[in-house]
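> Before we start, here is the structure in question, set down as structure tokens.
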There are 2 protein chains.
Amino acid sequence: MNARIIAIGSELLGPLRIDTNSLAITERLNAIGVSVVQKTVVGDDRKELAAVIADALGVVDLIVCTGGLGPTADDVTREAVAELLGVPLDLDPTLLEGIQKRFARRGLEMPEINKRQAMVPRGAVVLPNPIGTAAGLLLEHQGTRILLLPGPPAEMTQMLEGIIRDHLTPTPDGRLFRRILKITGRTESDVDSLVQPTYARWPERRVPIDTTILASLGQIELHLTARARDASDAEDAFDVAEREVRDLLGESVYSADGSPIEAVVGRLLADRGWTIALAESCTGGLTTSRLTDIPGSSRYVEMACVCYSNAAKVAWLGVPQALIDEHGAVSERVARAMALGVRRRAGTTVGVGITGIAGPGGGSPDKPVGTVAIAVLAGDAERVQTFRFIGPRDSVKSQSAQAAMNLLRLLLLN
Amino acid sequence: MNARIIAIGSELLGPLRIDTNSLAITERLNAIGVSVVQKTVVGDDRKELAAVIADALGVVDLIVCTGGLGPTADDVTREAVAELLGVPLDLDPTLLEGIQKRFARRGLEMPEINKRQAMVPRGAVVLPNPIGTAAGLLLEHQGTRILLLPGPPAEMTQMLEGIIRDHLTPTPDGRLFRRILKITGRTESDVDSLVQPTYARWPERRVPIDTTILASLGQIELHLTARARDASDAEDAFDVAEREVRDLLGESVYSADGSPIEAVVGRLLADRGWTIALAESCTGGLTTSRLTDIPGSSRYVEMACVCYSNAAKVAWLGVPQALIDEHGAVSERVARAMALGVRRRAGTTVGVGITGIAGPGGGSPDKPVGTVAIAVLAGDAERVQTFRFIGPRDSVKSQSAQAAMNLLRLLLLN
């Protein structure tokens, strides 16, 4: 079974924005054994869009379109498809009522233009959108199924899950399975030189595994892909492969189930019934924000103090001024004093202190931009370390938050 | 003059990699007045590629292909084009010599397969590649120019520069310019119903402007694109259009130069020499993290307190326990007490308090998930408001941070 993906939106034809929805769609389609054979981006143009869809009808099994289902005049997907298939657009009263209710819940009246979002090409299956006003639509023509999804990624993803569950069946020649091993605290070349001789042998196994290595800020991912009839065949092959990688990389592998490090750390804290307080300087609250992205984090995140100025470090955290004068605000001693101070004042089990130079200004030959000292205290144990990160301000912030959570993870593991 | 871009490579049809070459190509084409009207990704498949090119012949002025010019069997671009245009592939001796010399310089003999890279569809102009073995090719058929570029971004970009300089002249009808107006505090349909009657007239102006409207979390963007001979013509037209939008939307327009709201707020604070302290609950530090993404923000961000628990709100911010008991932690009274408390204790000009229910748990019929109270105090002025955001946890956090910065902006403006 094969598919074409069409992303609709004039902004996707400019030099600034790119269609990334197709990656998520491909991932989900691959998982049920559907291959993507072509991707197209068209502008908000009824004729262009109709031509691209017409071109795929009868050629592929499935066409997935994203975008152009909004309420405004430049949203033309519904009209383009209805015109192409020669069917009228009918007003769906249930859909209209749902949209009106959505506005009412926010104390607003539905603007007249949103009525367009309740228009449905005759014969289409309406796919409800739990988090937006744009319903999805599923049609069939010349043996090709046409799936129309909204453009906003959150709405698109949620709807796609439901459609795959309810309307698309896995193909018999095996599905594509994927396992992602997340690694931190090592460079990409380090990981690759250690692991490459091992993953190079995986494609020859009974259930062959393809491997891709991807690096982003402070994190390496190994993407393992296998085609198999049953989930259990793929999972068994992945388990063996994962064990081999863990033998080589040890505790650097922090997740094999897709969890980000903030979820891994959160689980470790919750399991012990421990609480945490953070004192952040150069990261500006990013570490705490990431920890609190996890539902239920209020059970273990007690509080955090973003102490940008030295005065705040002294007044709010009780860092001795003399320590700052002697060692500088960016030093392991001050990071440790911050962690100690915030833990004592918040009365938590765990304390974290992060102090560094995010840049672009503030560096010195001795402590260049990217120098970051991190201290993590838990019970009697502690880990204190200085890092030298490379990159612009937001990248230093992001790597620092990642490193702080990794130190915390290693401390909690041992 | 218009163009289609075709990216060739099976790896671009998987769930992990995306074609980003088209962004750089679009940028350079727009600069000489060429619009991109469609983008396609195809795999390393001769028939599929030929069909996509055939589909554009005689339809657009220019087809730009990237990829598939390597030496291996899965590089099929040369063959697909020659076959489609009905011309033979000739061995180009100069090209062959150049490739052999490249290998010789590295002390290597040219592998036999690299000979394929010296094969040229008859009639094509050969475009030298100073940093790789894959030459570019330029052909013309049915009034459409076909440009074949290598896939590696560095090779592609360098070659494109030369082609634009030597082979593509700026179109006499002008270049493309772009201005982005950023809007917050309104819904997409609200913005569109107010502005649409105005922007609908722009394409008829002397310097015509096309408009795209884009919504993301807590923010709307109007992308204005104009075709003009000179930058000054476009800028003048944009100035008029921007004034019209500002007349309709007032202070909801927060930026016309690409700045995010944290930079706009930062500028307002720095201009006044004011300092800010924040007390965040449901946003978990996200607002402070975004404010400190701006270089130089240490001049005005004094500190922030992420007080997740009620105990922390009382102990660190001096919020009266009675106030929490009477009104609940998520209330305008508590938000205001948080802002007051953090401002008083930090000694800053501005104080911000944010308290809400990010979800998925913690909601009640009275205060559902997404209820967020925000207070901003500056000098004697204040803005306090309750919002009802919709969406998952990270989206509520993100909309809350955006709303807090917008309240702050409005307070600083007035």
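The values are calculated or read from the model by the stated rules, or taken from the named source; none is laboratory data. All values derive from a computational prediction rather than experimental measurement. Glycine gets a Cβ as well: all are built from the backbone with ideal geometry, and neighbour counts include every protein chain shown. Note: accessible area is taken over every heavy atom of the protein model, side chains too, but ligands, DNA and RNA are not part of it. Shrake-Rupley method; radii C 1.70, N 1.55, O 1.52, S 1.80 Å.
> Is it the case that A:Gly136 is closer than 17 Å to A:Ala118 by Cα and within 12 Å of another protein chain (Cβ to nearest Cβ)?
no
> Report whether or not A:Ala403 is more than 12 Å from chain B (Cβ to nearest Cβ), under 26 Å from B:Ala277 (Cβ atoms) and in a helix (DSSP H, G or I).
no
> Next question, about the same structure. Can you name the strands (runs of 3 or more DSSP E) wholly within region B:173-261 that have at least 1 residues being under 24 Å from B:Leu413 (Cβ atoms) and without any contact (Cβ under 8 Å) to a residue 12 or more places away in the chain?
B:209-216
> Can you name the number of the only condition in (1) surrounded by 17 or more Cβ atoms within 10 Å (Cβ to Cβ); (2) touching a helix residue (DSSP H, G or I) at 6+ places or on another chain (Cβ under 8 Å) that A:Asp210 fails?
For A:Asp210, the exception is condition (1).
> If you scan region B:131-154, which residues turn out to be surrounded by fewer than 20 Cβ atoms within 10 Å (Cβ to Cβ) and either among the hydrophobic types (A, V, I, L, M, F, W, C) or in a strand (DSSP E or B) (or both)?
Correct list: B:Ile131, B:Leu138, B:Glu140, B:His141, B:Thr144, B:Arg145, B:Ala154.
> Within 9 Å of chain A (Cβ to nearest Cβ) and of a type in the set (Gly, Ala, Ser): is that true of B:Gly353 in this structure? Even if it seems obvious, please write down each step before you answer.
Details: within 9 Å of chain A (Cβ to nearest Cβ): no; of a type in the set (Gly, Ala, Ser): yes.
Against the criterion (within 9 Å of chain A (Cβ to nearest Cβ) and of a type in the set (Gly, Ala, Ser)), B:Gly353 does not qualify.
> I'm trying to understand the selection: among the residues of region A:104-132, which are within 13 Å of another protein chain (Cβ to nearest Cβ) and in contact (Cβ under 8 Å) with a residue 12 or more places away in the chain? Please lay out each step first, then the result.
Step one: list which residues in region A:104-132 are within 13 Å of another protein chain (Cβ to nearest Cβ), which gives A:104-117, A:129-132.
Those that are within 13 Å of another protein chain (Cβ to nearest Cβ) and in contact (Cβ under 8 Å) with a residue 12 or more places away in the chain: A:Pro111, A:Ile113, A:Asn114, A:Lys115, A:Arg116, A:Gln117, A:Asn129, A:Pro130, A:Ile131, A:Gly132.
> Go through region A:191-225 residue by residue and tally those that are at negative phi, modelled with pLDDT under 80 and not hydrophobic (A, V, I, L, M, F, W, C). Before you say what the answer is, go through the steps one by one.
Here is the first cut: in region A:191-225, the ones at negative phi are A:191-217, A:219-225.
Add one more test, that the residue is modelled with pLDDT under 80, and what stays is A:212-217.
Filter again for not hydrophobic (A, V, I, L, M, F, W, C), leaving A:212, A:216.
Residues flagged as at negative phi, modelled with pLDDT under 80 and not hydrophobic (A, V, I, L, M, F, W, C) within region A:191-225 amount to 2.
> What's the total number of residues in region A:38-47 that are surrounded by fewer than 20 Cβ atoms within 10 Å (Cβ to Cβ) and facing chain B (nearest Cβ under 10 Å)?
Residues flagged as surrounded by fewer than 20 Cβ atoms within 10 Å (Cβ to Cβ) and facing chain B (nearest Cβ under 10 Å) within region A:38-47 amount to 1.
> Here is a follow-up. Quick check on this structure: which one of A:Gly58, A:Gly68, A:Gly98 is more than 26 Å from B:Ala50 (Cα to Cα), of a type in the set (Gly, Ala, Ser) and surrounded by fewer than 22 Cβ atoms within 10 Å (Cβ to Cβ)?
Residue meeting the stated conditions: A:Gly98.
> Just to verify a result, which residue in region B:252-264, among those that are at pLDDT 95 or above and more than 14 Å from chain A (Cβ to nearest Cβ), is farthest from B:Val352 (Cα to Cα)?
Filtering first and then ranking leaves B:Ala256.
> Still on this structure: How many residues does region A:33-51 hold that are in contact with a Leu (Cβ under 6 Å, 6 or more places away or on another chain) and not small (Gly, Ala, Ser)? Reasoning before the result, please.
If we filter region A:33-51 for residues that are in contact with a Leu (Cβ under 6 Å, 6 or more places away or on another chain), which is where we start, we get A:36, A:41-43, A:50.
Restricting the remaining residues to those that are not small (Gly, Ala, Ser) gives A:36, A:41-42.
Summing the residues that are in contact with a Leu (Cβ under 6 Å, 6 or more places away or on another chain) and not small (Gly, Ala, Ser) in region A:33-51 gives 3.
> Hey, does region B:326-338 have a residue that's facing chain A (nearest Cβ under 8 Å) and open to solvent by 10 Å² or more (accessible area, probe 1.4 Å)? Before the answer, list the steps.
The initial filter retains those residues of region B:326-338 that are facing chain A (nearest Cβ under 8 Å), namely none.
Scanning region B:326-338 turns up no residue that is facing chain A (nearest Cβ under 8 Å) and open to solvent by 10 Å² or more (accessible area, probe 1.4 Å).
> Which ones in region B:275-310 are open to solvent by 10 Å² or more (accessible area, probe 1.4 Å), facing another protein chain (nearest Cβ under 8 Å) and in a helix (DSSP H, G or I)?
Correct list: B:Leu286, B:Ser298.
> What single numbered condition from (1) in contact with a strand residue (DSSP E or B) (Cβ under 9 Å, 6 or more places away or on another chain); (2) crowded, with 21+ Cβ neighbours inside 10 Å fails to hold for B:Ala51?
Every condition holds for B:Ala51 apart from (2).
> Filter region A:1-29 down to the residues that are surrounded by fewer than 21 Cβ atoms within 10 Å (Cβ to Cβ) and within 21 Å of the chain's Cα centre (by Cα), then identify the one that is nearest to the other protein chains (Cβ to nearest Cβ).
Result: A:Glu27.
> In region A:317-338, how many residues are assigned to a loop (DSSP other than H, G, I, E, B) and over 20 Å from A:Gly362 (Cα atoms)?
Matching residues across region A:317-338 total 3.
> If you check B:Thr157, B:Thr169, which single one turns out to be surrounded by fewer than 18 Cβ atoms within 10 Å (Cβ to Cβ) and either in a loop (DSSP other than H, G, I, E, B) or in contact with a Ser or Thr (Cβ under 6 Å, 6 or more places away or on another chain) (or both)? Before the answer, list the steps.
Details: B:Thr157 fails: either in a loop (DSSP other than H, G, I, E, B) or in contact with a Ser or Thr (Cβ under 6 Å, 6 or more places away or on another chain) (or both).
Just one listed residue meets the conditions, B:Thr169.
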